[in-house]
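**Student:** Pasting a structure here, questions to come.
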Amino acid sequence: MMTQTESTTAAPAQMKLVIAASCVGTIFEWYDFFIYGTLGPILAKAFFPAGNATLSMLLFWLVFAVGFGFRPVGAVLFGFLGDRLGRKYTFLATVLLMGVATAGVGLVPSADQIGLLAPAIIIAFRILQGLALGGEYGGAAVYVAEHAPPGRRGFYTSFIPASVGGGFVLSLIVVLACKAMIPAAAWAQWGWRVPFLLSLLLLAVSLWMRLKLSESPVYVEMKAQGSIARNPLVESLTFPGNRSRLFVALFGVSAGLTVVWYTAMFSNLAFLKSAARIDDTTAEMLVGVACLFGMPLTVLAGYLSDRIGRATPIIVGLVATLLLLFPAVWLIGVSANPALDAMAARAPVVVAGPDCRFDAFAREQATPCGRLLGDLSAIGMRYRLAPAPALALHAGSTPLSLAAWNAADKAGRQAALAATLAGAGYHLEKVRPSAWGMIGVLAGLVLTMALSAATYGPSAALLAEMFPPRIRYSSMSIPYHIGTGYFGGFLPFISSLIVAQTGNPYAGLWYTWGVVLVALVVALIGMRHLRVSGSA
């Protein structure tokens, strides 16, 4: 839908400013969003104490998903403003809203101080963050696409999804630097608030750069011709052929790319810290380094889409994900903690007994077997289930005594369980992989980043080119943020719930695999029908 006459090619210096300002704002907004995810365990304890470690983290991820859930609302709101009032000032407003909301999280008292008001305020700030993100990606993508020449549009716009990874890397750098400079006790008490407050400095830089920008030439031309949409939301649903494009953009592009990306980022990081039992700092650094590889791969995918069409890298990425996702994460698990992985294969933990039902939302499990499963989940131990008339725990064929576990309170139960498993050969302390182990982990992480890059790199140009200029901001933002907000935003929660229910740390990957399969089918049919290509 984007033609060559729509785009006024910017001068090289101006194009650099356009890309830099868009990318800096994107890095900043995603830094804010990722800080929340990176500091998950601390925030769960501070704002969501539930007496159940699994429930606390599930509540934390559920509130994390709330921000994503409001992204489509932000897409509607800021898409309307972007199509009606202009691209520049709309996505200037999004970065301001994100900065205020993120700094606010750093100032909220803990639940111990103000009770339920603490999580309520956090939810309010997460909603504001979600609204801001709902307008950011569409605004940045449209703004860059409408400045870029057609033959370079995929390359230039690919810096925006690459910058999302930059926000993740920046959040890790800031968190690790703060943890290194602040004593551990102070970090746990108040130091974790510093990364949130530092976002005010990033906000100032981002606002300064975006204020130097001029309005999109396409929007200026539409305004001069009097062709601005009166109601972009309504026109997005009624413009001839647009419903089909919205469907493909949602299920064939956005849903697929976002679950792959969040698996590569959040799920892998959570897996390293919990099931693989890698120390937190090492896990964060490994994911950060892998992300540095993923960023240029994202730009490469955008560049290739200018040469071979937008659809080809995305289709290849979706097919490769179906084939390689499980092997990539298995490689990460085997390399991260080979002793633990070998022990789990040689002497798997088996829970046998009646009423072995685990309720992830219960403060305390109703049955002894449920309590045992809850304690195993809390200490990050994988397990299998087997029917039996009486409760029993085995490591392979070796029965393990539950006497100490039965005699303790909740905290004592988990400590006793860990000690019992240690006696059976399970070393549950946090470890740091060997040099070869780190290479294996990085190989698996980079592979998942490459899968994400293939689907994400061409996405900004593809979505911008799918829709007519007068409703482009709304039409690309709404399906993108429904896809990323719901399919991606609820991924950590759904994956964690699947893992807690099954005791299998790899089981959560089936959610990603299923969404990718649907995306592939829709993309194969829909993109072929719409004839989307880099020369459009």
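Computed from the coordinates by the stated procedures, all read-outs in this text should not be read as laboratory data. Bear in mind the structure is a predicted one, so any value in this text is a computation, not a measurement. Glycine gets a Cβ as well: all are built from the backbone with ideal geometry, and neighbour counts include every protein chain shown.
**Student:** Taking the Cα centre as origin and putting +1 on Lys and Arg beta-carbons and -1 on Asp and Glu beta-carbons, what dipole magnitude results for the chain, to the nearest 20 debye? Kindly include the intermediate steps, with their values, before the conclusion.
**Tutor:** Numbers: 35 positive and 22 negative charges, 121 e Å.
The calculation lands at about 580 debye.
**Student:** Applying a 10 Å radius around every beta-carbon, put 313-324, 450-461, 118-129 in order of their mean neighbour count, most first.
**Tutor:** 450-461, 313-324, 118-129
**Student:** Compare the peptides 74-81, 239-246, 505-512, 490-497 by average per-residue count of other Cβ atoms within 10 angstrom and give them in order, highest first.
**Tutor:** With the highest mean Cβ count within 10 Å placed first, the list reads 74-81, 490-497, 505-512, 239-246.
**Student:** A follow-up question, please. Count the lysine pairs in the chain that are 8 or more places apart or on different chains: how many have C-alpha atoms under 23 angstrom apart?
**Tutor:** Going through the chain pair by pair, I get 14.
**Student:** What spacing in nm lies between the two simple spin-label points modelled at K223 and W436, each 7 Å away from Cα in the Cβ direction?
**Tutor:** Roughly 6.3 nm, to one decimal.
**Student:** Using a cut-off of 14 Å between beta-carbons, work out the net charge of the residues near G353 (Lys and Arg +1, Asp and Glu -1, G353 not included).
**Tutor:** Charge balance near G353 sits at +1.
**Student:** Of A424, A339, Q414, whose Cα points farthest to the positive end of the dipole of the chain (charges on the beta-carbon: +1 Lys, Arg; -1 Asp, Glu; origin at the Cα centre)?
**Tutor:** After comparing all options, I get A339.
**Student:** Looking only at Cβ-Cβ distances, which cysteines of the chain have no other cysteine closer than 4.7 Å?
**Tutor:** C23, C178, C291
**Student:** What does the C-alpha gyration tensor say about the overall shape of segment 411-479? Classify as rounded when a/c is under 1.5, otherwise prolate if a/b is larger than b/c, or oblate.
**Tutor:** Note, shape of segment 411-479 comes out oblate.
**Student:** Run the numbers on segment 345-422 and let me know its relative contact order in percent, using alpha-carbon pairs under 8 Å that are six or more apart.
**Tutor:** Here the relative contact order equals 34 percent.
**Student:** Turning to a different aspect of this structure: Need the full-extension length gain, Q189 to I379, defined as separation in residues times 0.36 nm minus the C-alpha distance. One decimal, nm.
**Tutor:** Values: separation 190, 0.36 × 190 = 68.40 nm, distance 2.26 nm.
So the extension gain works out to 66.1 nm.
**Student:** To the nearest Å, what is the center-to-center distance of segment 384-429 and segment 76-138, using C-alpha atoms only?
**Tutor:** If we compute the Cα centre of each part, the gap is 45 Å.
**Student:** Which Rg and Dmax, in Å, describe the Cα atoms of the chain?
**Tutor:** Considering the chain through its Cα atoms, Rg and Dmax are 24.0, 81 Å.
**Student:** Can I ask one more? Place the peptides 264-272, 100-108 in order of packing, highest mean first, counting for every residue the other Cβ atoms within 10 Å and averaging per peptide.
**Tutor:** 264-272, 100-108
**Student:** In addition: Given all pairs of different Cα atoms, what value in angstroms does the Kirkwood hydrodynamic radius of segment 345-422 take?
**Tutor:** Numbers: mean 1/r = 0.0803 Å⁻¹.
Its Kirkwood hydrodynamic radius stands at 12.5 Å.
**Student:** What does DSSP give for segment 345-422 in terms of the percent of beta bridges that are antiparallel, rounded to the nearest 5?
**Tutor:** Close to 70 percent.
**Student:** Here is a further query. Give me the extension gain from V73 to A424: residue separation times 0.36 nm, minus the current Cα-Cα distance, reported in nm with one decimal.
**Tutor:** Value of the extension gain: 121.2 nm.
**Student:** Here is a further query. Is segment 185-273 rounded, prolate or oblate when judged by the Cα gyration tensor, a ≥ b ≥ c being the square roots of its eigenvalues, rounded requiring a/c under 1.5 and prolate requiring a/b larger than b/c?
**Tutor:** Numbers: a/c = 3.63, a/b = 1.48, b/c = 2.46.
Judged from the Cα gyration tensor, segment 185-273 comes out oblate (a/c at least 1.5, b/c at or above a/b).
**Student:** Calculate, for A124 and L200, the FRET efficiency according to 1/(1 + (r/R0)^6) with r their C-beta to C-beta distance and R0 22 Å; round to the nearest 0.05.
**Tutor:** Taking R0 as 22 Å, the efficiency between A124 and L200 is 0.75.
**Student:** Stretch A390-I42 to full length: gain in nm at 0.36 nm per residue minus the Cα-Cα span?
**Tutor:** 121.6 nm
**Student:** Between E215 and R528, how high is the FRET efficiency from 1/(1 + (r/R0)^6) when r is the Cβ-Cβ distance and R₀ = 51 Å? Nearest 0.05.
**Tutor:** According to the calculation, E is roughly 0.90.
**Student:** What is the antiparallel percent of DSSP beta bridges lying wholly in the chain, to the nearest 5?
**Tutor:** Percentage antiparallel, nearest 5: 65.
**Student:** For segment 266-335, just the Cα atoms, rotate onto the principal axes and tell me the three extents in Å, largest first.
**Tutor:** That works out to 43, 23, 17 Å along the principal axes.
**Student:** Looking at segment 342-419, which chymotrypsin sites (Phe, Trp or Tyr not before Pro) are DSSP coil and have at most 13 other C-beta atoms within 10 Å of their C-beta?
**Tutor:** F361
**Student:** Once you put a point 7 Å from the Cα of R84 and another 7 Å from the Cα of E364, both along the Cβ direction, what distance in nm separates them?
**Tutor:** So the two model labels end up 5.4 nm from each other.
**Student:** On to the next question. Classify segment 380-536 as rounded, prolate or oblate from the Cα gyration tensor: take a ≥ b ≥ c as the square roots of its eigenvalues, call it rounded if a/c is under 1.5, otherwise prolate when a/b beats b/c and oblate if not.
**Tutor:** In terms of gyration-tensor shape, prolate.
**Student:** Related question: Along the charge dipole of the chain, pointing to its positive end and built from +1/-1 on Cβ of Lys, Arg, Asp and Glu, which listed residue (L269, P387, L451) has its Cα farthest out?
**Tutor:** Of the options given, the answer is L451.
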